[in-house]
Amino acid sequence: MNELERPLAVRRRLLTPGVYGLLALIAVGLLFAGYRFIFGLQSVTNLDQQHPWGLWIGIDVATGVALAAGGFTTAAIAHIFHRERYHAIARPALLTAMLGYTFVGLGLLVDLGRYYNIWHPMLPSMWQGNSVLFEVGMCVMCYLTVLYIEFLPIVCERFIGDPRFPRLGSLCQTISRIVDKTMFLFIIAGVVLSCLHQSSLGNLMVIAPSKVHALWYTPILPLLFLLSAIAVGFPMVIFESTYAAWSLKLKPETHVLSALARYIPPLLSIYLAFKVGDMLIRESYVHLTDGTVQSTMFIIEMVFGVVVPLGMLLSARVRNSARWLFLAALLIVLGVALNRVNVFLVSYQPPYATKQYFPSIGEFAVTIGLVSLLILCYRIIVTYLPVISQPHEARGA
């Protein structure tokens, strides 16, 4: 990375009307979360014995894990495949992944009935090798640790050379030097761990063939989850980078994001090919004309989340326009999010359920509060730590 692309702390006022709005949403979410911890899941959610998971698993966990994939895909292309031009967006992608997985843990904490036992997978005596969730939990826990280690040099960089904190700066310099020498190990470990648990989330639904709709149930669901996570990695980076630039009154790095967008059509095409091929082999396409909620949601997911943005990104004009590129990336992000919601909520229909599940107000409030807290943390971190590359700021413009 050249000097003009060196990441800097964003010099912007932190407390804005938008931040106050986020604080209000966070406060409402905390109230419902507190009520849930005091009086139990039944007091806040619409979950029951037939629907053991709902919005918090579908959005906070499954979707959160998928949309944090930009961390490992960007690390792979920038550090493993040595595409130097993408180092400028590696730090924001790392921050998004770190915050995403942190809030996956928080979402899971709220959803677990015995939330106080969430630390049990850390003990070998509690391990259960036959459990799909155990593998997911271990990979997420290990990957989150790797993300924090990868982010540590960025924190250290803030204090190195600061005359106000000479001892802290010296300590940070030592830590940064040690971590830098072993960083390649953590990057490789992060990519491997991500591939493992992205696919395992799909494997979780393979063990419920009688409860998942035929349009989504397939033995290759783990592969489809992995391919969709890889496909959404770069679009999530484009969405996050562009939105953050607009929000912070910075110029989007369109030249870097446009080059990154060239990789999206092949990755999205591979996912689409496996999806369509699987439907043809299993003949599940017969359900597309059912007129049910499931068939409608599947069509929306595939058309607007895959086919339309794929066609858009094949155009160089779209890739070179910040607004059109943002729109195409947003469609893919929403498409993958809708896929996770469809798999875990829309398609999941227990045979003996006496009623349909629909999230309660409390479930929506907690989810919105968690998302708002994630955005606020991102804003605070980029305000005080060197995360975002600012070529114009570096020039003194």
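Just so it is clear, none of the values below were taken in a lab; they were calculated from the coordinates. This is a predicted model, so every value here is computed, not measured. Using ideal geometry, Cβ is built from the backbone for each residue, glycine included, and neighbour counts are taken over all protein chains shown.
Remarks
- Under 28 Å from the Cα of K211 - lysines, other chains or at least 8 residues apart: K275, K355
- Residues Y20, Y86, Y148 arranged by fewest to most Cβ contacts within 10 Å: Y20, Y148, Y86
- Whole-number D in µm²/s for the stretch 243-397 (Stokes-Einstein; Kirkwood sum over Cα pairs; 25 °C, 0.890 mPa s): 131 µm²/s
- Under-5 Å amide H pairs with Y348, H placed in peptide plane, nonlocal only: H213
- Enclosed volume per residue, in Å³, of the convex hull spanned by Cα atoms of the chain: 162 Å³
- On the basis of the beta-carbon distance and an R0 of 25 Å, F81 and F274 show a calculated FRET efficiency of 0.65.
- The mean of 1/r over all pairs of different alpha-carbon atoms in the stretch 149-200, once inverted, gives a Kirkwood hydrodynamic radius of 12.2 Å.
- For the chain, relative contact order (Cα pairs under 8 Å, six or more residues apart, normalised by length) works out to 34 percent.
- Exposure proxy order (Cβ contacts within 10 Å, fewest to most) of T296, T74: T296, T74
- Restricting the stretch 146-232 to trypsin sites (Lys or Arg not before Pro) in coil, as DSSP defines it, with at most 12 other Cβ within 10 Å: R164
- When you work out D = kT/(6 pi eta Rh) for the stretch 309-397 at 20 °C and 1.002 mPa s, using the Kirkwood radius from C-alpha pairs as Rh and the Stokes-Einstein form, the result is 123 µm²/s.
- Cys residues of the chain that find no other Cys beta carbon under 4.7 Å: C139, C142, C195, C377.
- Whole-Hz couplings from phi, Karplus 6.51/-1.76/1.60, listed for the stretch 74-82; x for Gly and Pro: 5, 4, 5, 6, 7, 9, 7, 8, 6
- Exposure proxy ranking, count of Cβ atoms within 10 Å, fewest first, for T16, T96, T289: T289, T16, T96
- For the stretch 170-203 versus the stretch 75-91, the gap between their alpha-carbon centres in whole angstrom: 14 Å
- A viscosity of 1.306 mPa s and a temperature of 10 °C, combined with the Kirkwood radius over Cα pairs in Stokes-Einstein, give a translational diffusion coefficient for the stretch 56-98 of 148 µm²/s.
- Short-range pairs are left out: with C-alpha atoms under 8 Å and at least six residues apart, the relative contact order of the stretch 12-133 is 24 percent.
- Protection proxy ranking of 236-246, 59-69, 29-39 - average other beta-carbon atoms within 10 Å, highest first: 59-69, 236-246, 29-39
- Working from the Cα coordinates of the stretch 46-191, the gyration tensor eigenvalues give, after taking √(5λ), semi-axes of 33, 18, 15 Å in decreasing order.
- Rounded to whole Hz, the Karplus (6.51, -1.76, 1.60) HN-Hα couplings of the stretch 375-386, x for glycine and proline: 5, 5, 4, 4, 5, 5, 5, 6, 6, 10, 10, x
- Value at 222 nm in deg cm²/dmol, rounded to 500, when DSSP H runs of n ≥ 4 in the chain each add -39,500 (n - 2.57): -20500 deg cm²/dmol
- Cα-based values for the stretch 191-260, radius of gyration first and Dmax second, are 16.9, 51 Å.
- Equivalent-ellipsoid semi-axes for the stretch 1-121 (Cα gyration tensor, √(5λ), whole Å, largest first): 35, 21, 11.
- Per residue, the convex hull volume that the Cα atoms of the stretch 234-283 enclose (Å³): 60 Å³
- Principal-axis tilt of helix 293-302 within the chain, Cα atoms, nearest 10 degrees: 30 degrees
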